[in-house]
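The values are calculated or read from the model by the stated rules, or taken from the named source; none is laboratory data. Note that the coordinates shown come from a computational prediction; the quantities given were computed from them, not determined experimentally. We place every Cβ from the backbone using ideal geometry, glycine too, and count neighbours over all the protein chains shown. All accessible areas refer to the heavy atoms of the entire protein, side chains included, with ligands and DNA or RNA removed. Shrake-Rupley method; radii C 1.70, N 1.55, O 1.52, S 1.80 Å.
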Amino acid sequence: MSLVVEVVRSGFVESRHHVRMLTVGADGRPVEAHGAVHVPASPRSSMKPLQALGMLRAGLRLEEELLALACASHAGEPFHAEGVRKILAGAGLDESALRCPEDYPEDRSVPERARVFMNCSGKHAAMLATCVANGWPLDTYLDITHPLQRALRATAEELTGERMAAAGVDGCGAPLYFVSMLGMARAFRAFPLGEAGSPERRIFEAVTAYPEWTSGSSRAESSLMRAVPGLMLKSGAEGFEVFTLEDGRAGAVKVEDGAARARTPATVAALRSLGLETGELPATTPVLGGGRVVGEVRLAATPA
């Protein structure tokens, strides 16, 4: 049975979202599962830490907040855009080299679109820097047959322990893959369990130290990571989210209808299944009416 996240407005259940959820313990064995967790799905941007690992292994040189930015689906805040420019400048490039679409930042007081504002621009800048480090072609870095993309796919298959079930194109233009939630939980465990100074451990430390760089200053992902020391969490489009903890406990959620609003209640339920105290976590999100709170998005009492 899947979990159910319900949307309550003015005391009435207005909508329901069905959610797959999987958690594994520190030993890597499943703790709790709901829904078809073995059926492949696209992790979308939850794949970015695996891609960043592949880039580090291929010679990318980034540290701390800029390494976190390489894993980001960011909000286009000024520090995000400046960080993207720093990654590019370190490789002797500027933002004209980016092949992601132009976008607006989340702060709509900024009137112009730009590629540096696109939420995946940190990953794209890191991809370009990796190409420069290896002498690989820049104009075609998004092609699935490019040496960079072949290396990143190989890293993803190594960490998940699975061959990618299918391939496609993400919203940013980069290749995306389909894999099971179990494979993604297995992959995320590699980050905290990596040896000190290893690329895996460096990514874990960067993401947990700079959560606002991987998402945004006011996003739920940042709030969860600030509330739970040692939590590394990465969301993806269409309701995907993966996390791991310092001791290797991990989990993944996938909202079946893709609704992002159902992710946080489901992720908090996953953390609770691993024994975490969740009293201080944002387990619900508000539903507004006329600018005031009139309900909430919350985990239903029983699965469906």
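State the percentage of accessible surface on the chain attributable to carbon and sulfur atoms; use a 1.4 Å probe and exclude ligands, DNA and RNA.
Here it works out to 50 percent.
Counting pairs of alpha carbon atoms under 8 Å apart in space and at least six apart in sequence, what relative contact order in percent does the chain give?
26
Given a 1.4 Å probe and heavy atoms of the protein chains only, how would you sort Arg9, Arg44, largest accessible area at the top?
Heavy-atom accessible area, descending, gives Arg9, Arg44.
With a 1.4 Å probe and all protein chains in place, put Trp213, Trp136 in order of accessible area, largest first.
In descending accessible area the options line up as Trp136, Trp213.
Taking the Cα-to-Cβ direction at Arg57 and at Val13 and moving 7 Å from each Cα, how far apart do the two end points lie in nm?
Result: 4.5 nm between the two label points.
Could you state the accessible area per residue of the chain in Å², with a 1.4 Å probe and every protein chain left in place?
41
Order Ser223, Ser10, Ser42, most accessible first, counting only protein heavy atoms with a 1.4 angstrom probe.
Final ranking, largest accessible area leading: Ser10, Ser223, Ser42.
What is the stretch 1-141 by shape, rounded, prolate or oblate, if you read a ≥ b ≥ c off the alpha carbon gyration tensor as root eigenvalues and call it rounded for a/c under 1.5, prolate for a/b larger than b/c, and oblate otherwise?
Taking the square roots of the gyration eigenvalues as a ≥ b ≥ c, the stretch 1-141 is oblate.
Which order, highest average first, do 144-157, 264-277, 162-175 follow once you tally other Cβ atoms within 10 Å for each residue and take the mean per peptide?
Highest mean packing first, the order is 264-277, 144-157, 162-175.
Using only DSSP helix segments of four residues or longer, with each worth -39500 (n - 2.57), what per-residue ellipticity at 222 nm results for the chain after dividing by its residue count and rounding to 500?
Rounded to the nearest 500, it is -10000 deg cm²/dmol.
Rounded to the nearest Å, what's the spacing between the alpha carbon centres of the stretch 112-180 and the stretch 94-108? Just the number, please.
Using only Cα atoms to place each centre, the spacing works out to 16 Å.
How much length is gained on full extension from Ala301 to Ala167, taking 0.36 nm per residue of separation minus their Cα-Cα distance?
Difference between extended and current length: 44.6 nm.
Can you tell me the 0 to 90 degree angle between the C-alpha axis of helix 263-273 and the longest principal axis of the chain, rounded to 10?
The helix 263-273 is inclined about 70 degrees to the chain.
If r is the Cβ-Cβ distance from Asp94 to Glu64 and R0 is 22 Å, what FRET efficiency results, to the nearest 0.05?
Between Asp94 and Glu64 the formula returns 0.50.
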